[in-house]
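Please read the structure below before turning to the comments.
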Amino acid sequence: PESEQLLSLESVPGVFLELAEHARRPGCASLLLIDEINRGNVARIFGELITLLEPDKRLGSDGNSTDQTVEVRLPGLSATRPVEVNFGEGNTVQVPDPFTLPRNVYVLASMNSVDKSVTPIDSALRRRFELIRLLPDVAAMAVHLGLDGWVPDALPDNPATEEELLSLGLVLLETLNEGIRHFLGPEYQLGQWYLARLPKVDAEVTEIRAALCEVWEQSLLPQLLDLFLGREEQLKEMLGLKKTGPVRWKEPRKEYQALGASPLIERVDATPAQVVSFLRRVARPPKSGETGDE
């Protein structure tokens, strides 16, 4: 504030301080929702608040300090530079210095634990949260699509009706996730919302078939190719790939193999009927000794 370079800095309360002061009032509680928490340097963002997140380091349930309550000095907050929170209608409170955290401030955060573009969440912060794993829920997607009472084993050999094509999408996702669990681990499974683009059961057959093909070609297959990069043999086994079909296995020439060339998984143009037939074979692979359709 005393800068002579025409720059003025003023401390203002962020959302966390607003929530804390709201929860400090009798009978009140606050909830902070954080999406993709591991997108930032969480340890630096939270700073001293990491310590206060622990339940026993907060104020007691009666709002008073306990023997284990921790007080911290927050940056930009001092006796000569107080920060106030305005709740409207002239209701203004001053953030205490040193700062303590009320017991009834809750933090709910989401994260993708296998996201390659971010660093793992700081272990000091991780242990301050109760971790809940959210795994794919294909049955929930069945309800969303209007397939009440959906049974995965009721998939015919040649899906043709609205219900059968939607069921094919659901069983396909379950089958893919089974392979992913074994080869890569459960955290790499594909969520049910990959199928959210499918129309509901009251749509036309042609619309559902076209949407299913689009979901496979534009979402599921590219994701599988990325997950199994360098592990194509595993994906070949998962999909039961052959030398023909909408997705095929292509061996390099012998002279290329001698120089270290690897097989390719390639997609070729196919009709919706051919794609559906291929997906049906993937969704319920033939038993050992059976050949299945190309």
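The values are calculated or read from the model by the stated rules, or taken from the named source; none is laboratory data. This structure is a prediction, so every number in the text was calculated from the model and none was measured. Backbone-built Cβ (ideal geometry, glycine too); neighbour counts: all protein chains shown. Ligands, DNA and RNA are excluded from the accessible area calculation, which covers all protein heavy atoms including side chains. Shrake-Rupley method; radii C 1.70, N 1.55, O 1.52, S 1.80 Å.
Applying 0.36 nm per residue to the separation of D62 and E217 and subtracting their alpha-carbon distance, the gain on full extension is 50.0 nm. Entry note: the chain has Rg to Rh equal to 1.16, where both radii use alpha-carbon atoms and Rh is the Kirkwood radius.
Dipole magnitude for the chain: computed about the Cα centre from +1 point charges on Lys and Arg Cβ and -1 point charges on Asp and Glu Cβ, it is near 860 debye.
Close amide H contacts of T66 (hydrogens built in the peptide plane, cut-off under 5 Å, sequence separation of 5 or more or a different chain): G60. As a length-normalised measure over Cα pairs under 8 Å and 6 or more apart, the relative contact order of the chain settles at 14 percent. Annotation for E204 and H144: the two label points, set 7 Å from Cα along the Cα-Cβ direction, are 2.5 nm apart.
3J(HN,Hα) along the stretch 41-46: 7, 4, 4, 6, 5, 6 Hz, from the Karplus curve 6.51 cos²θ - 1.76 cosθ + 1.60 with θ = phi - 60°, whole Hz, x for Gly and Pro. DSSP beta bridges fully contained in the stretch 1-118 are about 50 percent antiparallel. Pairs of lysines in the chain whose Cα atoms sit within less than 24 Å of one another amount to 10, provided the residues are eight or more positions apart or on different chains.
Only beta bridges with both residues in the chain are counted; by DSSP, about 60 percent of them are antiparallel. If the chain linking Q274 and L155 were pulled fully straight, counting 0.36 nm for each residue of separation and taking away their Cα-Cα distance, it would gain 41.1 nm.
Find which of L33, P136, F99 sits farthest along the positive direction of the dipole of the chain, computed with +1 on the beta-carbon of Lys and Arg, -1 on that of Asp and Glu, about the Cα centre. Result: P136. Using a probe of 1.4 Å on the protein chains alone, the accessible area found for I265 is around 30 Å². Simple point charges give the picture: +1 on the Cβ of Lys and Arg, -1 on the Cβ of Asp and Glu, and for the stretch 223-274 a dipole about the Cα centre of about 180 debye.
The residues of the chain present an accessible area of 61 Å² per residue when probed at 1.4 Å with all protein chains retained. In nm, what is the difference between 0.36 nm times the number of residues separating R267 and N91 and their Cα-Cα distance? Value of the extension gain: 57.0 nm. Sequentially through the stretch 181-191, phi angles give Karplus couplings (6.51, -1.76, 1.60; θ = phi - 60°) of 4, 6, 8, 10, x, x, 6, 8, 5, 8, x Hz, Gly and Pro residues having no value and appearing as x. Here is the list for the stretch 186-267: GluC sites (Glu not before Pro) lying in DSSP coil, each with at most 11 other C-beta atoms within 10 angstrom of its C-beta, are E204. Shown for the chain: the carbon plus sulfur share of the solvent-accessible area, taken with all protein chains present and a 1.4 angstrom probe, equals 50%.
Taking amide H atoms as placed 1.01 Å from N in the peptide plane, the amide H of I34 lies under 5 Å from those of L108, A109, S110, each 5 or more residues away in sequence or on another chain.
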